[in-house]
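Data first, discussion second: the structure below is written as structure tokens.
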Amino acid sequence: MKFGRKKDLETTIESGENAIANKEVEGLSQGQIVLKRFLRHRAAVISLSAITGILLFVFSSLDMKIGPFHYRGWWKFGVDDLPELRYGDCPNGTVGCPTISLRPKFLGGAGIQLGQHPFGQDDIGRDYFALVMQGAQRSILVMVVIGIVAGFIGTVVGAVSGFYRGWIDAILMRFTDFIITIPVIIIGSVIGFHFGNLGILFLALYLGLFTWTGLSRLVRGEFLTLREREFVDAARVAGASNRRIIFKHILPNAVGVIIVSITLTMSGAILLETALSYLGFGVVAPDVSLGLLISQYQDSFTTRPWLFWYPGILIIIIALSVNFIGDGLRDAFDPRQRRQMTKKVRQQSTTLLNREAKSE
Amino acid sequence: MLAYIVRRLGVLGVILFGSSFILYNMAAIAGDPIGELRLSNDPAAKQAIIDLTLRLQLDVPPPLRYFIWLKGVLGIFVGKADFGLTRDNMSVFNEISQAIPITIRLVTTATIVAIVLGIALGITSALRQYTRFDYSMTFFAFLLYSLPIFWVAVLLKQFLAIRFNDFLSHSTVHRNSVLLLSLLSAIFWGSIFSRVRKTFWITFVSAALGTASLLLFMNQLEWYTNPRLGPITVFIFSVGIAFGVTHLSVGLSNRTALYSSLTMAVLALVIYFPIQSLFTAQSTFWQMILLLIVTIAVATGVSFMFSRIDRGPLIRTTILTAFLSASLIIVDKYMRTWQFYLKEDAINYRPVPTIGQVSDLLPQDDYWIRTLDILVHLFLPTIALTLISFAGYTRFSRGTLLEVLNQDYIRTARAKGLTERTVIMRHAFRNTLIPLPTIIVVDFAGIIGGAIITERVFGWYGMGTLFNRAITGQDLNLLMGVFFLTATLSVLANLIADLLYSALDPRIRVGAGK
């Protein structure tokens with residue numbers, strides 16, 4: 001009898017915990033569950049809105065020419081404009097200081113306003129806000145292209161070698177090892193130094209060609225485990241072709257790993273681009289990127305710190321948001337990870353426990 | 001096992017051959033080392049072209065030239081490696097062997113600091129999972145992940161070096177800074193020890209008061225220009241270390257271990273004055289090593305005398321206490337050197353440098369001043385490198401510990417009635433450390449290549465600078481030399497990591513299943 005009671009107690013506790021977890025996902029599709037879990041990760045949601053905001057803000061600010069279309073940005077200056085340098089009202093006799101002011105008038109400031117050049121001007125008077133926006137566009141573009149290229153190659157290589165195994169796997173994995181031995185920063189510098197003038201897309205493409213290795217290993221591991229699962233056997237017995245098994249059965253289950261590592265690759269990519277540009281082997285002048293801006297003006301930090309602050313902070317915000325989104329996605333896709341039980345839930349289960357214990 | 005290693009080495013050889021072949025040809029086709037000279041009208045340029053062509057064998061097409069280079073490199077196995085010549089007619093081998101120690105000096109300290117701090121914070125944050133401390137550590141780690149190192153480096157130069165040097169000229173901490181620092185330390189310690197609200201406030205208040213009074217006291221003593229610990233402080237700290245180490249390793253209830261460690265603290269006080277006479281200007285690095293060996297020997301002897309049963313943990317505890325107390329004495333010596341260091345003409349009260357690896361103008365006759373100079377130059381780059389690499393260790397050790405804490409053997413340990421300390425330190429912590437060597441080894445190899453930017457920002461002449469020079473100067477042999485070294489290190493590191501992993505974790509067998 002006692003044994004039975006204990007078992008009862010256990011099932012009650014378990015169903016108490018599981019019921020809460022199960023109730024949440026009742027009648028929901030995979031995508032809805034993931035979305036629900038993602039939305040619960042507060043930092044990730046904030047980051048997602050931050051990065052959406054930044055994207056809209058940055059890409060709408062400047063004039064753009066896409067084919068025959070000419071888009072007019074809302075910002076009054078472009079990177080090629082040469083407005084007059086501001087003299088006079090800057091601290092310590094510097095020129096071209098930022099006009100942005102965030103201190104309202106009643107606190108003794110100049111009032112909340114942007115002014116003519118909110119981020120200041122560079123050496124020759126170009127509007128620094130426009131430069132930073134242009135740089136951010138470039139850096140984000142590089143980040144996204146690297147993410148796509150590396151994600152595609154990594155997924156294909158990992159999927160093929162994990163699914164087919166055998167000699168295909170051996171060859172592909174040796175090839176991966178071989179790419180890993182070449183440090184990205186070295187190969188990037190070698191190519192960047194000689195072909196830096198070929199433009200930003202070329203830079204992103206070849207960096208993507210060398211950053212897929214980690215991703216492909218993860219995907220391979222995922223495929224290796226998934227292909228041994230019962231549902232794959234079932235599909236095979238039902239007569240599904242390899243192609244169908246890969247695309248319909250395995251890939252949807254591996255998509256979490258893929259998306260998460262693509263996000264993390266992207267946050268690494270923006271830092272890689274800025275580092276290469278800093279060394280002078282990435283984006284080269286007259287093109288602009290955030291890393292290049294920092295490297296150009298690092299010596300003027302003591303006299304004109306704004307030339308250094310704005311691009312750096314923008315890099316950090318972008319990389320940080322992407323990292324947090326990746327974290328949120330990982331939590332959302334990984335059903336094994338137990339989330340924190342809220343205080344209320346914990347109390348409920350303890351009262352449940354106590355009641356059971358007392359009644360015994 | 002041996003067969004496995006040999007096979008892996010064979011594969012590594014093939015991989016290295018392939019990647020170096022590709023890189024060589026890519027770099028050779030992409031860069032023309034005599035391109036600039038060709039455009040010049042200077043009659044001397046013609047001679048220079050002929051010279052360079054002869055010396056670097058530029059008339060041989062790159063794929064064939066690669067094999068000439070490879071033949072030289074393979075000379076390693078017969079004891080005379082030939083990595084070719086740089087453009088300036090220097091031996092690449094010599095250049096690299098000069099640069100390597102500098103990079104290693106830069107990277108080792110940063111890696112050690114990052115590992116120790118990272119693991120400590122990671123484990124604390126795992127044990128305080130889902131508290132405010134944990135959340136802020138997570139945020140902090142992600143923030144560090146997202147920092148471009150060159151940007152941090154410039155900030156560090158400005159705020160740590162230049163401001164600190166300015167600060168030394170009046171050398172008192174301002175009232176507001178005292179308030180701010182006390183508040184920060186109060187929040188930090190309070191959030192670590194906050195199990196219940198009451199302990200939080202007790203820790204909070206005592207940490208705040210402690211920090212504030214310490215800072216004010218240090219102001220009074222002009223501690224920043226003339227720092228020192230003195231025998232009493234060394235003794236107090238040593239006693240604290242003895243208690244702390246014993247508590248963490250075997251628990252305070254083990255009286256023998258506690259007494260043995262306390263003996264080491266007393267010994268630190270006893271030898272404090274005699275040992276000062278050993279620290280002369282003529283001290284050498286080897287003397288320090290010798291002292292370290294003596295310390296460990298004494299600690300082992302003492303703990304042997306104390307212990308009868310269960311010697312291992314006790315000896316470890318005592319040695320650790322002895323080592324830490326001895327380091328305190330060394331730290332004290334360096335602190336006492338500080339004011340003489342400041343007075344040197346080459347330093348002139350602006351000690352923290354923003355650039356370089358040593359002060360060239362400093363007289364080299366005093367061991368302590370010389371090494372202090374090296375340490376001071378390591379300061380900023382180490383902080384920069386630590387900041388970017390320690391986030392990884394924090395996240396990793398946090399994740400691993402959380403995973404380990406969910407294992408059945410932890411539940412068993414708790415069910416046996418072991419104390420929480422034993423469960424955490426013996427059962428959980430040790431298993432957390434198992435996967436760490438793999439990432440440490442790989443990280444260390446990677447960071448040698450990754451120090452490129454750090455070296456550039458801080459003006460160090462290590463591997464990164466060589467690499468930079470090789471690319472901008474179209475110096476193929478130099479580039480290949482640097483690449484060969486980093487690539488070999490990284491593949492070897494991967495191999496060692498795999499072997500270590502299987503050695504530490506018996507569940508994993510290398511070479512199995514094939």
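The values are calculated or read from the model by the stated rules, or taken from the named source; none is laboratory data. Here the structure is a predicted model, which means the values were calculated and not measured. Don't worry about glycine lacking a Cβ; one is built from the backbone with ideal geometry, like all the others, and counts go over all protein chains shown.
Scanning the stretch A:189-205 for residues that are within 12 Å of another protein chain (Cβ to nearest Cβ) and buried (at least 18 other Cβ atoms within 10 Å of the Cβ), which turns out farthest from B:Asn25 (Cα to Cα)?
Pass one, the stretch A:189-205, residues within 12 Å of another protein chain (Cβ to nearest Cβ): A:189-196, A:198.
Narrowing the set further to residues that are buried (at least 18 other Cβ atoms within 10 Å of the Cβ) leaves A:189-194, A:196.
Numbers: A:Ser189: 15, A:Val190: 11, A:Ile191: 12, A:Gly192: 15, A:Phe193: 15, A:His194: 13, A:Gly196: 18 Å.
Step by step, filter the stretch A:189-205, then rank; the result is A:Gly196.
Taking the stretch B:24-60 on its own, how many of its residues are polar (S, T, N, Q) and within 14 Å of chain A (Cβ to nearest Cβ)? Full working, then the answer.
First, the residues of the stretch B:24-60 that are polar (S, T, N, Q): B:25, B:40-41, B:47, B:53, B:57.
Then keep just the ones that are within 14 Å of chain A (Cβ to nearest Cβ); that gives B:25.
Residues that pass the stated criteria total 1.
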**Message:** Show me the helices (runs of 4 or more DSSP H) entirely contained within the stretch B:407-468 in which 2 or more residues are in contact with a His (Cβ under 9 Å, 6 or more places away or on another chain).
**Reply:** B:408-415
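Test B:Ala44 against the criterion of being over 30 Å from A:Arg174 (Cα atoms), assigned to a helix (DSSP H, G or I) and hydrophobic (A, V, I, L, M, F, W, C), and give yes or no.
Here the answer is yes, as B:Ala44 does meet what is asked.
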**Message:** Quick check on the stretch B:16-29. Is at least one of its residues more than 30 Å from B:Leu495 (Cβ to Cβ) and either without any contact (Cβ under 8 Å) to a residue 40 or more places away in the chain or surrounded by 12 or more Cβ atoms within 10 Å (Cβ to Cβ) (or both)?
**Reply:** yes
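Condition check ((1) away from chain A (no Cβ under 14 Å); (2) at pLDDT 85 or above) across all residues:
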{"position": "B:Gly450", "(1), (2)": "no, no"}
{"position": "B:Val457", "(1), (2)": "no, yes"}
{"position": "B:Pro506", "(1), (2)": "yes, no"}
{"position": "B:Arg509", "(1), (2)": "yes, no"}
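Can you pull out every residue in the stretch A:183-237 that is of a type in the set (Asp, Glu) and not in a helix (DSSP H, G or I)? If you could, list the steps in order and put the result at the bottom.
As a first pass, look at the stretch A:183-237 and keep what is of a type in the set (Asp, Glu): A:222, A:228, A:230, A:233.
Selection gives A:Glu228 alone.
Out of A:Ile182, A:Ile187, I need the residue that is free of Cβ contacts under 8 Å to residues at least 24 places away in the same chain, within 21 Å of B:Asn494 (Cβ to Cβ) and either in contact with a His (Cβ under 7 Å, 6 or more places away or on another chain) or hydrophobic (A, V, I, L, M, F, W, C) (or both). Which one? Talk me through it step by step, then tell me what you get.
Working: A:Ile182 fails: free of Cβ contacts under 8 Å to residues at least 24 places away in the same chain.
Exactly one of A:Ile182, A:Ile187 is free of Cβ contacts under 8 Å to residues at least 24 places away in the same chain, within 21 Å of B:Asn494 (Cβ to Cβ) and either in contact with a His (Cβ under 7 Å, 6 or more places away or on another chain) or hydrophobic (A, V, I, L, M, F, W, C) (or both), namely A:Ile187.
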**Message:** Pull out all pairs, ordered by first then second residue, where Cβ-Cβ is under 9 Å, the residues are six or more apart or on different chains, the first lies in the stretch B:400-429 and is closer than 18 Å to B:Ser249 by Cβ and surrounded by fewer than 16 Cβ atoms within 10 Å (Cβ to Cβ), and the second is charged (D, E, K, R) and modelled with pLDDT of 90 or more.
**Reply:** B:Glu420/B:Arg414
**Prompt:** Does the stretch A:165-188 contain any residue that is under 24 Å from B:Leu9 (Cβ atoms), of a type in the set (Gly, Ala, Ser) and either over 25 Å from the mean Cα position of the chain (by Cα) or surrounded by 20 or more Cβ atoms within 10 Å (Cβ to Cβ) (or both)?
**Reply:** yes
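Restricting attention to the stretch B:351-360, does a residue exist that is hydroxyl-bearing (Ser, Thr, Tyr), part of a loop (DSSP other than H, G, I, E, B) and either under 20 Å from B:Ser171 (Cα atoms) or without any contact (Cβ under 8 Å) to a residue 40 or more places away in the chain (or both)? Before the answer, list the steps.
Let us first name the residues in the stretch B:351-360 that are hydroxyl-bearing (Ser, Thr, Tyr), namely B:354, B:359.
Right, trim to part of a loop (DSSP other than H, G, I, E, B) and you get B:354, B:359.
Next, only the ones that are either under 20 Å from B:Ser171 (Cα atoms) or without any contact (Cβ under 8 Å) to a residue 40 or more places away in the chain (or both) stay: B:354, B:359.
Yes, that holds for at least one residue.
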**Request:** Would you point out the residue of the stretch A:276-295, among those that are out of contact with any Ser or Thr (no Cβ under 6 Å at 6 or more places or on another chain) and closer than 16 Å to A:Leu314 by Cα, that is farthest from the other protein chains (Cβ to nearest Cβ)?
**Result:** A:Val288
**Complete:** Across the stretch A:297-309, the tally of residues that are out of contact with any Ser or Thr (no Cβ under 7 Å at 6 or more places or on another chain) and in contact (Cβ under 8 Å) with a residue 24 or more places away in the chain stands at 2
**Request:** Select, from B:Thr321, B:Thr317, the only residue that is more than 22 Å from the chain's Cα centre (by Cα) and either outside any helix (DSSP H, G or I) or in contact (Cβ under 8 Å) with a residue 60 or more places away in the chain (or both).
**Result:** B:Thr317
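Which of the residues belonging to the stretch B:146-183 are under 30 Å from A:Ile325 (Cα atoms) and in contact (Cβ under 8 Å) with a residue 12 or more places away in the chain? Step through it out loud before you land on a result.
Step one: of the stretch B:146-183, the residues under 30 Å from A:Ile325 (Cα atoms) are B:146-156.
Hits for the stretch B:146-183 are B:Leu147, B:Ile149, B:Phe150, B:Val152, B:Ala153, B:Val154, B:Leu156.
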**Request:** Considering each of B:Leu2, B:Leu9 in turn, give the residue that is away from chain A (no Cβ under 14 Å), within 36 Å of the chain's Cα centre (by Cα), surrounded by fewer than 16 Cβ atoms within 10 Å (Cβ to Cβ) and at pLDDT 80 or above.
**Result:** B:Leu2
**Tally, over the stretch B:69-110, of residues that are assigned to a helix (DSSP H, G or I) and either touching a Leu at 6+ places or on another chain (Cβ under 8 Å) or on the phi > 0 side of the Ramachandran plot (or both)** = 10
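Consider B:Ala186 carefully, then state whether it is in a helix (DSSP H, G or I), away from chain A (no Cβ under 12 Å) and either touching a Pro at 6+ places or on another chain (Cβ under 8 Å) or surrounded by 20 or more Cβ atoms within 10 Å (Cβ to Cβ) (or both). Let's see the steps before the verdict.
On the way: in a helix (DSSP H, G or I): yes; away from chain A (no Cβ under 12 Å): yes; either touching a Pro at 6+ places or on another chain (Cβ under 8 Å) or surrounded by 20 or more Cβ atoms within 10 Å (Cβ to Cβ) (or both): yes.
Answer is yes for this residue.
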**Hey, B:Phe133 at the interface with another protein chain (Cβ under 10 Å from one of its Cβ atoms), under 27 Å from B:Val205 (Cα atoms), assigned to a helix (DSSP H, G or I) and of a type in the set (Phe, Trp, Tyr) or not** = no
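Within the stretch B:220-229, can one find any residue that is part of a helix (DSSP H, G or I) and at pLDDT 85 or above? Steps first, answer last, please.
First pass over the stretch B:220-229, keeping only residues part of a helix (DSSP H, G or I): B:220.
Next, only the ones that are at pLDDT 85 or above stay: none.
The answer is no; no qualifying residue exists.
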**Fill in**
Of the listed residues (B:Ile355, B:Ile410), the one being more than 20 Å from B:Val442 (Cα to Cα) and touching a Lys or Arg at 6+ places or on another chain (Cβ under 9 Å) is B:Ile355
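Counting only residues that are within 10 Å of chain A (Cβ to nearest Cβ) and hydrophobic (A, V, I, L, M, F, W, C), which one in the stretch B:464-475 is surrounded by the most Cβ atoms within 10 Å (Cβ to Cβ)?
Pass one, the stretch B:464-475, residues within 10 Å of chain A (Cβ to nearest Cβ): B:464, B:467-468, B:470-472, B:474.
So of that shortlist, the ones also hydrophobic (A, V, I, L, M, F, W, C) come out as B:467, B:470-471.
Numbers: B:Phe467: 29, B:Ala470: 27, B:Ile471: 23.
Per the criteria, the residue is B:Phe467.
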**Item:** Which numbered condition B:Ile162 misses (of (1) more than 14 Å from every other protein chain (Cβ to nearest Cβ); (2) out of contact with any Pro (no Cβ under 8 Å at 6 or more places or on another chain))
**Value:** (1)
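Before we move on, is A:Arg217 in contact with a helix residue (DSSP H, G or I) (Cβ under 8 Å, 6 or more places away or on another chain), surrounded by fewer than 22 Cβ atoms within 10 Å (Cβ to Cβ) and either within 14 Å of chain B (Cβ to nearest Cβ) or among the charged types (D, E, K, R) (or both)? Don't jump to the end; show me each part of the working.
Details: in contact with a helix residue (DSSP H, G or I) (Cβ under 8 Å, 6 or more places away or on another chain): yes; surrounded by fewer than 22 Cβ atoms within 10 Å (Cβ to Cβ): yes; either within 14 Å of chain B (Cβ to nearest Cβ) or among the charged types (D, E, K, R) (or both): yes.
Judged against the criteria, A:Arg217 is a match.
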**Request:** Write out, first by first residue and then by second, each pair whose Cβ atoms fall under 6 Å of each other, whose residues are 6+ apart or on separate chains, and whose first residue, in the stretch B:32-49, is farther than 16 Å from B:Asp475 by Cα while the second is modelled with pLDDT under 75.
**Result:** B:Ala45/B:Leu37
**Asked** From the list B:Phe77, B:Phe21, which one is among the aromatic types (Phe, Trp, Tyr) and within 14 Å of chain A (Cβ to nearest Cβ)?
**Response** B:Phe21
**Asked** Mind checking which residues of the stretch A:75-113 are loosely packed, with under 13 Cβ neighbours inside 10 Å, of a type in the set (A, V, I, L, M, F, W, C), part of a loop (DSSP other than H, G, I, E, B) and at pLDDT below 70?
**Response** A:Leu102, A:Ile112
